[in-house]
Amino acid sequence: MDPAVFGAGLRRKLDDVRLVIERQRAFVPGFADDVSPNGAEVGSEATDFVLRMLKAASDSLNYRLLAYLETTDAGFADVCQHLGIGELTAWERVNDLVQAGLVARAPDRDLVGLTAAGLEMVRFVGATVASAEIGHEGAT
């Protein structure tokens with residue numbers, strides 16, 4: 001797993017979230033007035049996002065979706081069908097992965113696909129599984 005790939009994706013995600021918060025602050029009077037920026041929190045926020053990314057990917061159904069998206073972007077109906085789940089569950093699963101920075105959605109084209117971090121996660125899991133299986137056939 002290449003930490004630089006995850007770090008770059010994480011930086012973009014953190015910047016996106018900050019931008020949304022700033023837009024909300026500009027739009028809603030009094031929004032988060034009592035929260036002051038604290039540079040010391042950046043590391044803990046980054047840690048939180050990395051752990052959320054790992055947690056989202058470690059769910060077996062979410063991982064099946066990530067692995068499916070390794071070879072193609074998919075429409076929402078394809079996601080539902082591939083996972084064998086209803087649209088409400090699929091919608092939330094995709095949103096969880098988007099929030100974690102592993103999947104991106106192109107709503108104007110009804111497509112979801114892996115981010116660079118999502119692709120790196122699938123490759124990491126695949127390589128780890130392959131390494132674990134080496135020599136397994138002869139073991140008793």
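Where a number appears in this text, it was derived from the coordinates with a stated rule and is not lab data. Every value quoted in this text rests on a predicted model; they were computed, and no experiment measured them. Every residue, glycine as well, gets a Cβ built from its backbone with ideal geometry; the counts of neighbours run over all protein chains shown.
When the helices in the chain are scored as -39500 (n - 2.57) per DSSP H run of 4 or longer and the sum is shared across all residues, what 222 nm value do you end up with, to the nearest 500 deg cm²/dmol? It lands at -21500 deg cm²/dmol. Considering the zone a paramagnetic label at Asp48 would reach in this model (a point 7 Å from Cα along the Cα-to-Cβ line), which residues of region 91-120 have amide N under 19 Å from it? Once the point is set 7 Å along Cα→Cβ of Asp48, 96-102 turn out to lie under 19 Å by backbone N, inside region 91-120.
Taking 37 °C and 0.692 mPa s as conditions, region 3-133 diffuses translationally at an estimated 204 µm²/s according to Stokes-Einstein applied to its Kirkwood radius (Cα pairs).
Using a cut-off of 14 Å between beta-carbons, work out the net charge of the residues near Ile85 (Lys and Arg +1, Asp and Glu -1, Ile85 not included). Provide the component values of the computation, followed by the final result.
Numbers: positive: Arg64, Arg93; negative: Asp59, Asp78, Glu87, Glu92, Asp96.
Net charge around Ile85: -3.
This model, with +1 at the C-beta of Lys and Arg and -1 at the C-beta of Asp and Glu, gives the chain a dipole about its Cα centre of some 140 debye. Applying a length cut-off of 24 Å (Cα extent along the axis) and a mean Kyte-Doolittle floor of -0.5 to the DSSP H helices of the chain leaves 3-27, 41-58, 116-133.
Label-to-label distance, Val20 versus His82, with points set 7 angstrom from Cα along the beta-carbon direction: 2.3 nm. Amide H contacts under 5 Å for Val103: Val98, Thr115, restricted to partners 5 or more places along the chain or on a different chain, H placed in the peptide plane at 1.01 Å from N.
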